[in-house]
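Read through the structure below, which is laid out as structure tokens, and then see the notes.
Every read-out reported here was derived from the displayed coordinates using simple, explicitly stated rules and does not represent laboratory data. Since the model is a prediction, treat every value here as computed from it, not as a measurement. Don't worry about glycine lacking a Cβ; one is built from the backbone with ideal geometry, like all the others, and counts go over all protein chains shown.
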Amino acid sequence: GSRFLSLMGGVVMSFYDWYCDLPPASPEVWGEQTDVHESADWYNARFIAVMGANLNMTRTPDTHFISEVRHAGAKLTVFSPDFSQVAKYADYWIPVNAGQDTAFWMAVDHVILTEYYAQRQTPYFEGYLKQYTDSPFLVEIQDNRPQRYLRANLLPDYAQIENGDWKLLVWDKNSTRPRMPKGTIGYRWGKQDPGKWNLELKDGLTNDELNPELSFIDEYDEVVQVGFDDFGSGGAIERGVPVRYIEIDGTRRAVTTVFDLMMAQFGVGRGLAGDYAKDYDDENLSYTPAWQERYTGIDRQTVIQ
């Protein structure tokens, strides 16, 4: 796996990547690869989905928990192209074809983001995203496309800090400006302040308490139509994303949060213009050609590259 990734120009970030087991996106987003509960905790679930695993073969000592949890009323669904051994315990067996499992989980994520954020505010949900995920970090928007995270050393207040190009920014509600929280990757390799890379919602320079803004939906400078590639249809879609402008070296730059981009990626509209579904049953999105027209004379594959 390591050699295969290296030949493609990939970067191996953990030992799981060496043998191509667990996805590298997990530690990139969450900071943890295998921070999971014990199997006995399945007793607390009321709906369990199994996919990409045959528990009878790969986690044999844990199999009894799956069979017994049904006595507590849990429903078990197995996504597998074959009727695997664990499928015999299932209430539902879905013999998926390639791509169907991805579509299912994207739909699940869409429902969670819609019902636990867009339609009602859930303090635990918001607090977790702010403290333990990259959701509140700022991302630059340029030419109607997401760019990279906004770096701390681009701002005058943090221009001279150690590893400033590896320290990221959030929009702090308390001070209504971008601030640098503790715990991003630049702290991990710091020599000036070793050991101070735990996640804390405090400014890394002043130690002020921070309250990161998860979304700009309630207060923004502009709604920008951002282009997203739709690999299902082979086309491109445009969806409105709320942005704020900050000035860096005399130029005005648009920034938004990872969370706002994620909401747009999953099609949770929140009243914004663009190719958003009206409801869960809306399958007729209009794929806007306007974004592609900005690149007149350039073929789609070149745009993607």
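Structural remarks
- Within the straight-line cut-off of under 29 Å between alpha carbons, the lysines reachable from residue 278 are 130, sequence neighbours fewer than 8 places apart in one chain being disregarded.
- Modelled spin labels at residue 282 and residue 147, positioned 7 Å past Cα toward Cβ, are 3.1 nm from each other.
- FRET efficiency for residue 231 and residue 44, using Cβ-Cβ distance with R0 set to 45 Å, rounded to 0.05: 0.80
- Where the alpha-carbon atoms of the stretch 97-164 are placed on the principal axes, they occupy 50, 32, 22 Å, in descending order.
- Protection proxy ranking of 233-245, 187-199, 104-116 - average other beta-carbon atoms within 10 Å, highest first: 233-245, 104-116, 187-199
- Calculated P(r) tail over 22 Å for the stretch 87-207, as whole % of Cα pairs: 53
- Compactness relative to 2.2 N^0.38 Å, alpha carbon Rg of the stretch 29-150: 1.33
- Expected-Rg normalisation [2.2 N^0.38 Å, Cα atoms] applied to the stretch 49-95: 1.03
- Separation between Cα centres of the stretch 174-253 and the stretch 126-160, rounded to whole Å: 2
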